[in-house]
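Next up is a structure, given as structure tokens.
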Amino acid sequence: MEAGFTGSRVSIPTDRQIRALHEQFAPTRDAFDLVYSHCEIVCELAERLLAGREHDLDIELVRAGSLLHDIGVYRLYSPCGALDQENYVRHGLLGYELLRGLGYPEALCRFCSCHTGMGLCRDDVLRQGLPLPAGDYMAETGEERIVMYADKFHSKTTPPTFVSAASYVSSVRRFGEDKVTRFASMMEQFGEPDLAPLASVHGHKVV
């Protein structure tokens, strides 16, 4: 697989190439099923949120970013398949480092490092004592923003669930009203997805 740029545009891997990456780095079949299925759902959510809406986003880049954004989760599994929940906040950075190590361009790697919560700034890292290098991990482009936003509506819990806007606001408020405001701004920009049809298709309840 060749990563790079074609003119000024990122060379985007195909769905098949991205799935192969997941299969390569997933430590167990259960881990693959959980993470890749979530990424597919986030991709579906992002595409539904953009359908029929005027925008200038690169849909192929949104799709690739959605399918790649959680690939760093695999780095947190032990050989026996246990997930390191204590360091879960590192999964975005780990995904970024994984993709950069494979030669992927920055525009793709950033989907990993900039989707956690409503974005993490340097102050968040320091104030919360997060196990991350002090810095900003914020979605900046429209493509990064829609992937981060779509990700908020599905959770890799056991069992996986879809998350309503009201539930997400309730959970993110403990990290500061600025996070609630940022989420509200994205909801105004992209709308609120209808989760019921997706919940029915995937067999995940809405919380």
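Once you place label points 7 Å from the Cα toward the Cβ at Leu102 and Glu47, how far apart are they in nm?
Those two pseudo-labels are separated by 2.0 nm.
Can I ask one more? Measuring with a 1.4 Å probe in the full set of protein chains, what accessible area per residue, in whole Å², belongs to the chain?
Roughly 49 Å² per residue, with all protein chains present.
Mean separation of Cα pairs under 8 Å and 6+ residues apart, divided by the residue count of the range 27-125: what relative contact order is that in percent?
Relative CO of the range 27-125 lands at 26 percent.
Could you pull out every one of the lysines with an alpha carbon less than 18 Å from that of Lys205, ignoring same-chain neighbours closer than 8 positions?
Filter leaves Lys152, Lys156.
Take every Cα pair under 8 Å in the chain that's 6+ residues apart, average their separations, divide by the length, and report that relative contact order as a whole percent.
That works out to 19 percent.
Determine the share of the range 15-206's accessible area contributed by carbon and sulfur atoms, expressed in whole percent, with a 1.4 angstrom probe.
Using a 1.4 Å probe with all protein chains present, the range 15-206 comes out at 49 percent carbon and sulfur.
Per residue of the chain, what 222 nm ellipticity follows from adding -39500 (n - 2.57) for every DSSP H run with n ≥ 4, rounded to the nearest 500?
Calculated mean residue ellipticity at 222 nm is -16000 deg cm²/dmol.
Follow-up question, since we're still on this one. Under the √(5λ) rule applied to the eigenvalues of the Cα gyration tensor, what semi-axes describe the equivalent ellipsoid of the chain? Give them in Å, descending.
23, 21, 19
Quick one: Cα centre-to-centre distance for the range 43-91 and the range 119-181, in angstrom?
After rounding, the separation between the Cα centres reads 13 Å.
How far apart, in nm, are two points set 7 Å out from the Cα along the Cα-to-Cβ line at Arg16 and at Ala134?
4.8
For Glu23 and Asn87 in the same chain, what is the full-extension length gain: residue separation times 0.36 nm, less their Cα-Cα distance, in nm?
20.8 nm
Something else: Starting from the 7 Å offset along Cα-to-Cβ, what nm value, one decimal, do you get for the label separation of Phe175 and Glu60?
So the two model labels end up 3.2 nm from each other.
The values are calculated or read from the model by the stated rules, or taken from the named source; none is laboratory data. Keep in mind it's a predicted model, so treat the numbers as computed, not measured. Don't worry about glycine lacking a Cβ; one is built from the backbone with ideal geometry, like all the others, and counts go over all protein chains shown. Please note that ligands, DNA and RNA were not included when accessible areas were found on the heavy atoms of the full protein model with its side chains. Shrake-Rupley method; radii C 1.70, N 1.55, O 1.52, S 1.80 Å.
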